[in-house]
Amino acid sequence: MAVFLISYDLRKPDYDYQPLYDALDEIGAKHIQDSVWGVNTTDSAETVFDNLWQHLHSSKDRLFVVTFDKTKNFKANNSITKLSDL
């Protein structure tokens with residue numbers, strides 16, 4: 001299993017992004033900060049990205065999926081979900 005951090009910028013705020021939030025919930029992602037989520041999954045970064053990208057609605061939307069090694073040194077404050085809990 002791998003832990004991924006998922007970050008996005010939704011460039012069309014008047015659009016309904018609920019399908020994106022539902023997709024994040026379906027893969028078991030945990031909300032870390034406003035537009036940052038984390039997930040522990042057997043899927044690849046590419047699979048996670050492709051699954052979520054289909055729910056974005058503007059070519060200006062941004063999506064970033066990166067592997068996160070929670071055994072390495074990191075620091076966070078006031079996260080909704082602790083990174084160590086992923």
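Read-outs: derived from the displayed coordinates by stated rules, not from any lab. All values derive from a computational prediction rather than experimental measurement. All Cβ positions, glycine included, derive from the backbone under ideal geometry; neighbour counts span all protein chains shown.
Within segment 1-26, which residues are under 10 Å from the mean Cα position of the chain (by Cα) and not in a helix (DSSP H, G or I)?
Of everything in segment 1-26, those that are under 10 Å from the mean Cα position of the chain (by Cα) and not in a helix (DSSP H, G or I) turn out to be PHE4, LEU5, ILE6, SER7, TYR8.
For PHE74, only one of the following conditions fails: (1) within 26 Å of ASP16 (Cβ to Cβ); (2) in contact with a helix residue (DSSP H, G or I) (Cβ under 8 Å, 6 or more places away or on another chain); (3) surrounded by fewer than 16 Cβ atoms within 10 Å (Cβ to Cβ). What is its number?
Only one criterion in (1) within 26 Å of ASP16 (Cβ to Cβ); (2) in contact with a helix residue (DSSP H, G or I) (Cβ under 8 Å, 6 or more places away or on another chain); (3) surrounded by fewer than 16 Cβ atoms within 10 Å (Cβ to Cβ) is unmet by PHE74, namely (1).
Would you be able to tell me the number of residues in segment 64-83 that are under 24 Å from THR47 (Cβ atoms) and either hydroxyl-bearing (Ser, Thr, Tyr) or assigned to a strand (DSSP E or B) (or both)?
So the answer is 6.
Listed here are the residues, each with its yes/no results for (1) among the hydroxyl-bearing types (Ser, Thr, Tyr); (2) touching a Ser or Thr at 6+ places or on another chain (Cβ under 8 Å).
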position	(1), (2)
SER7	yes, yes
ASP22	no, no
ALA29	no, no
ILE32	no, yes
LYS60	no, no
LYS82	no, no
ASP85	no, no
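Going by what's in this entry, would ASN51 be described as polar (S, T, N, Q) and not in a helix (DSSP H, G or I)?
On the way: polar (S, T, N, Q): yes; not in a helix (DSSP H, G or I): no.
It is false that ASN51 is polar (S, T, N, Q) and not in a helix (DSSP H, G or I).
Please indicate, with yes or no, whether at least one residue in segment 28-40 is assigned to a helix (DSSP H, G or I) and surrounded by 11 or more Cβ atoms within 10 Å (Cβ to Cβ). It would help to see each step written out before you state the result.
Going through segment 28-40, the residues assigned to a helix (DSSP H, G or I) turn out to be none.
Looking through segment 28-40, none of the residues is assigned to a helix (DSSP H, G or I) and surrounded by 11 or more Cβ atoms within 10 Å (Cβ to Cβ).
Okay, residues lined up against (1) touching a helix residue (DSSP H, G or I) at 6+ places or on another chain (Cβ under 8 Å); (2) aliphatic (A, V, I, L, M); (3) exposed (fewer than 13 other Cβ atoms within 10 Å of the Cβ):
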position: SER44; (1), (2), (3): no, no, no
position: ASN51; (1), (2), (3): yes, no, no
position: THR81; (1), (2), (3): no, no, no
position: ASP85; (1), (2), (3): no, no, yes
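Let's see how each residue does on (1) buried (at least 17 other Cβ atoms within 10 Å of the Cβ); (2) touching a residue at least 12 places away in the same chain (Cβ under 8 Å); (3) touching a His at 6+ places or on another chain (Cβ under 8 Å):
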position	(1), (2), (3)
ALA2	no, yes, no
PRO13	no, no, no
GLN18	no, no, no
HIS57	no, yes, no
VAL65	yes, yes, no
